[in-house]
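Let me begin by presenting the structure, written as structure tokens, before commenting on it.
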Amino acid sequence: QISFQLMAHNSLYIGNREQAEQQLKQHQELMEQINSFQANLDAVRGLGAKQIDRYKQVNPDIEANINKQHQNIQESYNSLQQTGVQIKNRLNGSLEKFQEYEDTLESILEHMKEWEPEIQEELTIPVASMDDINTEMEKLRAMHTKLENEKSRLVSAIQACEAATACISRPTTPLEDVKSLKETEAKQTLEDLMDQVQGRMSELGAKSNEYVGIQKQKENLVRWIESTESSVAEFLTRPS
């Protein structure tokens, strides 16, 4: 019966930290039962030793037979215990990964909450010169890099969650949707903020090109004026 319970623990699909904690608690209770069974084996071994002492004179083979039976039972018990320890280690490993996943999501959402007002402010700052554009572009690039880093952290968190699920569940277990509400929120918030930053950078890039065009026109006009003034001066210096 305990063996069947272990196999059931080994084949369960677990998709979040709460399920992992619950299953680990149940597994620890089962392991306590398994560990306590060693005392029963020792007691049986003691009874066997008494039987050997009592009957080995009339049955020389009794010692080998009883010892062989005890050995088979002990090996089966050891195998069962080892399987239980392996399952416990997998559950602990998965629990750590689920915790890492949740902690990272919480951290990302806190950063988004902190940075969103700053981003919204940057989107509305007026620019009146190339210096203004360059200053704002530098700020936006720095913010975009920070958002990219958070996106990488999110990918790592999702991979940790998938690894936790794979660590517990057998490959034959049908995959289920393990996305949490926080994961969806983090993804959507990141995408929205990155789109806004990229949109503002494109807008400033267009303004930059516009300013560059105007500057070139001014330079061409200045050169034309200088050339015209030079021609007029030369004309005026000619003898009449």
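The values are calculated or read from the model by the stated rules, or taken from the named source; none is laboratory data. All of these numbers come straight from a predicted model, not from anything done at the bench. Because the Cβ atoms are built from the backbone with ideal geometry, glycine has one as well, and the counts that use them run over all protein chains shown. With ligands, DNA and RNA removed, areas are computed over all heavy atoms of the protein, side chains included. Shrake-Rupley method; radii C 1.70, N 1.55, O 1.52, S 1.80 Å.
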Given a 1.4 Å probe and every protein chain left where it sits, what share in percent of the accessible area of the range 69-167 is carbon and sulfur? 48 percent
Solvent-accessible heavy-atom area per residue, rounded to whole Å², over the range 75-143 at 1.4 Å: 58 Å²
Quick one: check the C-alpha center-to-center distance for the range 142-157 versus the range 36-61, whole angstrom. 66 Å
Label-reachable residues, the range 27-70, where backbone N falls under 13 Å from a point 7 Å from Val85's Cα toward its Cβ: 35
About the Cα centre, charge dipole magnitude for the range 24-98 (Lys/Arg +1, Asp/Glu -1 at Cβ), debye: 100 debye
